[in-house]
Amino acid sequence: MANKKSSPKKKNALANFFSILVSDLKEIGVTFKEGDFKTRISFLIFGFGSLLRGLWLRGLALLAVEAGLLYFVFGFGWNYLSKLSTLGTIATSKKGRKTVYGDNSFLILLFGLLTLFAVIAFITVWRINVRINRTEQLILKNGRKLPTNKEDFASLFDSNFDKTLLALPVIGIFVFTVLPIVFMICVAFTNYDANHQPPSNLFTWVGLENFHQLFSFGSAGFGSTFVTVLIWTLLWALLATFIDYFLGIAVAMLINKKGIRFKKLWRTILVVTIAVPQFVSLLYVSKLFARDGLINGYLLKIGAITSAIPFWENAVLAKITIVVVNIWIGIPYMMLIATGLLMNIPEDLYESARIDGATPWQMFRHITMPYMLFVTGPFLLTQYTGNLNNFNVIFLLSQGGPKTGNLVGGAGRTDLLITWLYKMTINDTNYRMAAVIGIMVFIVTAGVSLVVYNLLPSVKDEEGFQ
């Protein structure tokens, strides 16, 4: 039934897209056909119509954007864009003692993509320019006055203030977020690794070869390692999220229980773990559980053990230790959140439940937990996705180790996908496979988030809860 329902929605979305596209193209054609010479020339020279109509502020702005984008594309970017299909053909060579540098595949890919974005920006600004000219012409045709330059400028801080405020952040998102993501995706389809390091060596497109290697379970493939790391990543996120969640609620309820003394003291002790920088505390705990650390040393001294416990050398022990340490780190956060939420549950609900003969467990199950899950559902999802990419806890405690078995790519038994990606990039300079892992991290995180989000009580049954 779900597929039958989703199919018409997809068809409607596709139909709406083409409808908007056809309507837009029709509007451009009508603008050119019915436009005066100012509007028609503006199709080539941005802002020309606005300048001749006396709106020099918007006219100069459009003209400056056109000039800047054209200069970037043809004066700088075209050299890189023209080589984007090959990522360079002239390798760096030596003539005697002199190094003759050839193409730089890294720069070709980076600036080639940036030039493509510039071309898209040019088309977008061109469309805005055409629409502005049509609007100006219709205003004059209807016998109304165009805004003055002063009013145009004032609108940037009034009716168009949202555009003014968002202009710089949007540019920043494209340059510092969208471009790096697209660059990483492109690297996943190249052979950019330790043997193909620019500018000394070129790298080139290899299609789906890296993805095939990731899902290959042969001796040279990454398939077995990827599945092992993925399973531990999902298991770790599940344990780290829900153990901290339920224990945090339990601690909050225990501290808030009537009759408990020194409540502020207990809260302060727990919050101390938040106050200490995680970088410091995790490194300290890592040394504490080392083979020659304080815990092993003390246990050996009192005769409790005869040999050091391999907390970080044994894969199972390392995973258990990491989960336990994360409980110490995570409970205070959940305790603080739960404390505030528990105080907001109406006491009348509990009083009515007591009169009806409900036990403390029944009140917890039917009153406390439904309310907590409803309110903290989005937070719980955020915590889970955060734990999928929890680099600090894993890397600072065990560095992803121990490295046992037949794992490849520098992966260890406690590595998450994110720490494995880091090792593959920093230690092995295997950027191509690291990019593939990065895409997999996104797919896993996005997939889990979308599925869990639709199951949250606050999303699924808001009216029913209320």
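The values are calculated or read from the model by the stated rules, or taken from the named source; none is laboratory data. A quick note: this is a predicted structure, and the numbers were derived from the prediction, not measured. Ideal geometry is used to build each Cβ from the backbone, glycine not excepted, and the neighbour counts take in all protein chains shown. Surface areas here come from the heavy atoms of the whole protein model, side chains and all, with no ligands, DNA or RNA. Shrake-Rupley method; radii C 1.70, N 1.55, O 1.52, S 1.80 Å.
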message: Below 8 Å between Cα atoms, with a sequence gap of 6+, how large is the relative contact order for the range 1-117 in percent?
response: 15 percent
task: Quick one: compute the contact order of the chain, relative version, from alpha carbon pairs under 8 angstrom and 6+ residues apart, as a percent.
output: 14 percent
Positive dipole terminus of the range 10-207, leading residue within Leu109, Phe76, Ser155 (C-beta point charges): Phe76
- prompt: Within the accessible area of the chain, what % is carbon and sulfur when the probe is 1.4 Å and the other protein chains stay in place?
  reply: 68 percent
field: Distance between modelled label sites at Val316 and Asn149, nm, 7 Å Cα→Cβ extension
entry: 8.0 nm
- request: Specify which residue in the list Leu238, Phe279, Ile327 is farthest towards the positive end of the charge dipole of the chain, using unit charges on the beta carbon of Lys, Arg (+1) and Asp, Glu (-1), about the Cα centre.
  value: Phe279
- request: Could you pull out every residue, at least 5 positions away or on a different chain, whose amide H is within less than 5 Å of the one on Thr414? Hs are placed 1.01 Å off N in the peptide plane, and Pro or chain starts have none.
  value: Gly401
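Please calculate how many Å² of accessible area the range 46-143 carries per residue, with a 1.4 Å probe and no DNA, RNA or ligand atoms counted.
Numbers: 5540 Å² over 98 residues.
The answer is 56 Å² per residue.
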message: I'd like the Karplus ³J(HN,Hα) series for the range 344-353: coefficients 6.51, -1.76, 1.60, θ = phi - 60°, whole numbers in Hz, and an x wherever there's a Gly or Pro.
response: 8, 6, x, 5, 4, 5, 5, 5, 5, 5
- prompt: Quick one: if you stick a label point 7 Å off each Cα along the C-beta vector at Thr429 and Ile260, how many nm between them?
  reply: 5.5 nm
For the range 229-260 and the range 356-388, distance of Cα centres in Å: 11 Å
Rounded accessible area of Lys26 (nearest 10 Å², 1.4 Å probe): 140 Å²
query: About the Cα centre of the range 93-239, what is the dipole size in debye to 20, counting +1 per Lys and Arg Cβ and -1 per Asp and Glu Cβ, all else neutral?
result: 600 debye
- line: Treating only Lys and Arg (+1) and Asp and Glu (-1) as charged, each at its beta carbon, one finds that the range 1-131 has a dipole about its Cα centre, in Debye to the nearest 20, of 500 debye
message: What is the distance in Å between the Cα centroid of the range 113-180 and that of the range 273-315?
response: 59 Å
- prompt: Once you put a point 7 Å from the Cα of Thr164 and another 7 Å from the Cα of Trp78, both along the Cβ direction, what distance in nm separates them?
  reply: 3.7 nm
task: Per residue of the range 310-327, in order, report the coupling 6.51 cos²θ - 1.76 cosθ + 1.60 (Karplus, θ = phi - 60°) as ³J(HN,Hα) in whole Hz, putting x for Gly and Pro.
output: x, 4, 9, 8, 9, 4, 5, 4, 4, 5, 5, 4, 4, 5, 5, 5, 5, 4
statement: Whole-Hz Karplus couplings 3J(HN,Hα) for the range 229-241, θ = phi - 60° and coefficients 6.51, -1.76, 1.60, Gly and Pro as x, run 5, 4, 4, 5, 4, 5, 5, 4, 4, 5, 5, 4, 7
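Treating only the Cβ of Lys, Arg, Asp and Glu as charged (+1, +1, -1, -1), what charge dipole size does the range 223-460 show about its Cα centre? Round to the nearest 20 debye.
400 debye
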task: Would you tell me the accessible area of Lys263, worked out with a 1.4 angstrom probe on the heavy atoms of the protein chains, in Å² to the nearest 10?
output: 60 Å²
- request: Determine how large the accessible area of His196 is when every protein chain is in place; take a 1.4 Å probe and give Å² rounded to the nearest 10.
  value: 50 Å²
Farthest positive-ward along the chain dipole, Cα basis, beta-carbon charges - from Leu373, Thr228, Tyr453: Thr228
- prompt: Taking the Cα atoms only, what angle lies between the long axis of helix 56-72 and the longest principal axis of the chain, rounded to 10 degrees?
  reply: 70 degrees
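Under 1.5 on a/c is rounded, so check that first for the chain, then, if it is not, pick prolate when a/b is larger than b/c and oblate when it is not; a ≥ b ≥ c are the square roots of the alpha carbon gyration tensor eigenvalues. List each step's numbers first, then the result.
Details: a/c = 2.48, a/b = 1.40, b/c = 1.77.
Verdict is oblate for the chain.
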field: Computed E for Leu60/Ile123 - FRET, C-beta separation, R0 25 angstrom, nearest 0.05
entry: 0.75
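When the helix-only estimate is applied to the chain (DSSP H runs of n ≥ 4, each -39,500 (n - 2.57), divided by the residue count), what is the mean residue ellipticity at 222 nm, nearest 500 deg cm²/dmol?
-21500 deg cm²/dmol
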message: Can you list residues from other chains, or at least 5 along the same chain, whose modelled amide H is less than 5 Å from the amide H of Val408?
response: Thr225
- prompt: Where a ≥ b ≥ c are the square roots of the eigenvalues of the C-alpha gyration tensor, would you call the range 235-387 rounded, which needs a/c under 1.5, or, failing that, prolate if a/b is larger than b/c, or oblate?
  reply: prolate
- prompt: Angle between the Cα long axis of helix 278-288 and the longest principal axis of the chain, 0 to 90 degrees, nearest 10?
  reply: 40 degrees
